[in-house]
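Data block below; observations after.
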Amino acid sequence: MLRTVITAAVGLTLATGCAPDSTAPVKVSVLSRSSNGQYVPTQVELTTIEDVVGLKGTVGDLQGGARIVIDVNDPGLQNATEDTIADVLIKKSGHDVKASYISQKDEKTGEDVLWPADFHSWNMVTSYYNLERANEYFRTVANVKTVSFEPSPTLYYFPEFVQAQVSKEPARDNALFYPVLQSFLVLPFEKIQRAPLPLNAAVMAHEYSHLVFNRLAYAGQSLPQSLSTWGSQSPSQGANVLKAFDEGLADYHAYGATCRSPSGCDPRFMAPSFDGGAYSAVTDARDLSRGDRCMSALLYARVQQQDLGTFSADGAEYQVGTLLATALYQAGRSTGQEAQLQRDIVSAYYDTTPGKEGIFQLTQIVLGDQSRFSLAVPAASIIAHISDLELRKAVCNEFMDHLQIPRADLIGDNLCPASAAGGTTCPNIHQ
Ligand SMILES: [Zn+2]
C-alpha cells in the first residue's frame, strides 16, 4: 500500500511545486478502491473544499497534533457542562494540517491536477474526499437537509487519544465519531497496513452515519440525554437498543454508500474495520449478505435485562446491529428498492408528526421508563416511514424473522399489514 503510493508520486514528471488554488472545485488525486478492489491513485474533484492545503470545507475541517484525554477522574469534569466538556477533554487543540501537492497537467484534459506529495498528504486528502462522499450519500440518497450537517465537524487527524480507563498509552488503529466533541478521530495506525481506515470509504461512511444519527435521533446533543439517562440505570434496555440501532444502521448506510462507488455494492465492506468490540475482530462477522443470521433467545434477553456496560463488554450492540443491517439488506435487495429504503430509514430518525413519531421523539415520550423502549419501538418507527407497501411488508417479515421482534408489536395501522407473517429462516424464540 505505502509502496504503491510512493512509487506513484515519484514516478510523475514533476511540475512546479505550488501554492494550489484553494477553492472548489479542485481536481486532486486520492486513493480510492478501483473496480478490482485495489486502492489506486484516482483523479477526483473536491466540490466542497475551501482550503485544499488546510483541508477545510463545508463537510469537515482536518486538524493535526491534538491531544484528547478521556479520564473519569479528571477533576475538570466535575463542573463540566455540555458546553464546556470539550475544553476539558481537549488538552491540546492542535493546528491546521498542511497537505503538500505537486501540480500536474492531465494529458487528456489539459487541466491541472494536484498530486499529494507524501503519505500523510495522500491519507489526509483521501480522508476529506471520503467525508465528502459520505455527506453526498446522506444528502442525495437519504435526503438529509444541509442544515443537519452544520456546524461542520472537525476531523482530528492522528491525534493523541488517551482513554484512561483502557490504557495510559494513546489508542491506535481506529477511526471513530466522538459525539461529545461532535468530531471524527482518525488515529495513527501501526497494525493496519494494507488499507488504513481513513482510506476505506465505507469505514468513513459508517462513522459519518453515527454523525447523522447523532444530529437527528439524538437531536445533535453532545451528551445524548436518552442514552446517558438510560445508560446509567440497570437494566438499560433503552440504551442497549439505541446503541444496537446506531451501529446496525451505520453498517447498512455504509453498505449503501458503497453502491455509489466505482467498485459497486459491497456487503462485505466491514472486513477491514476495527470499529471496536471483540466482535469486530472477526473479519466476516459483519458481512451483510449472510442471510442465515438469527436473533437468539440469549441475545434477546441480554438486550432487555443487562446494563449497558455488560451488554457492550463483548460488543453485543454489534451483534444485534448486524442482525438489523442484514434484515434491512435482505428486504431492500428482495424488493429492488434499496435506495428508497435507505431514505425512509433516515426519515424515521426525527419526525414530529403525531402518530408517526421519529426515534428521537419516541425516546422523549418514554424517557422516564426505558423498559418501554424495546427493539420494536425504533423498528416500528422505521416501518411507519416506509410508504411503499411491498417494501414495508418485506421489512416487517425480516424484522419478525431475523430480529425476532414479536409480530404483535409490529402489526397495526400505519405499521405492518396483517398479511405480514414473519419468515421461516429463524427459529421462533418466543414460544
Ligand atoms: Zn460504529
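Remarks
- On Cα atoms only, tilt of 201-217 relative to the major axis of the chain in degrees: 50 degrees
- Length available on full extension from GLU169 to GLU390: 0.36 nm per residue minus the Cα-Cα distance, which gives 74.4 nm.
- Label-point separation, SER34 to ARG372 (7 Å along Cα→Cβ), nm: 5.7 nm
- The stretch 218-260 versus the stretch 112-190: alpha-carbon centroid distance in Å: 19 Å
- Amide N proximity, the stretch 36-72 versus SER232 label position 7 Å along Cα-to-Cβ, cut-off under 16 Å: 72
- Full extension of the chain segment joining ILE429 with ASP71 gains 124.8 nm, where the gain is 0.36 nm per residue of separation less the Cα-Cα distance.
- Highest mean packing comes first when the peptides 117-129, 77-89 are listed by Cβ atoms within 10 Å, giving 117-129, 77-89.
- Sorting LEU187, LEU299, LEU367 by the number of Cβ atoms found within 10 Å of their own Cβ, with the fewest placed first, yields LEU367, LEU299, LEU187.
- Radius of gyration and maximum dimension Dmax of the chain, Cα, Å: 22.0, 73
- Top of SER381, SER289, SER32 by mean-square fluctuation, Gaussian network on the chain, Cα under 10 Å: SER289
- Angle of helix 119-140 to the longest C-alpha principal axis of the chain, folded into 0 to 90 degrees and rounded to 10: 40°.
- Backbone N atoms of the stretch 241-262 closer than 17 Å to the 7 Å Cα→Cβ label point of SER289 belong to residues 252-262.
- Of all lysines in the structure, the ones whose alpha carbon falls short of 22 Å from that of LYS393, not counting any fewer than 8 places away in one chain, are LYS356.
- Per-peptide average of other Cβ atoms within 10 Å, ordering 102-111, 255-264, 144-153 highest first: 255-264, 144-153, 102-111
- Cross-link reach is defined here as a Cα-Cα straight distance under 23 Å, omitting same-chain residues fewer than 8 places apart; for LYS91 the lysines meeting it are LYS56, LYS168.
- Gain in span if fully extended, LYS145 to CYS259, counting 0.36 nm per residue against the direct Cα distance: 38.9 nm
- Note on the chain: antiparallel DSSP beta bridges, both residues inside, total approximately 65 percent of the bridges counted.
- Cα shape, the stretch 219-431, gyration tensor, a/c 1.5 rule: rounded
Since every read-out is calculated from the coordinates, none of them should be taken as a lab result. On a predicted model such as this, the values are computed, not experimentally measured, just so you know. Glycine gets a Cβ as well: all are built from the backbone with ideal geometry, and neighbour counts include every protein chain shown.
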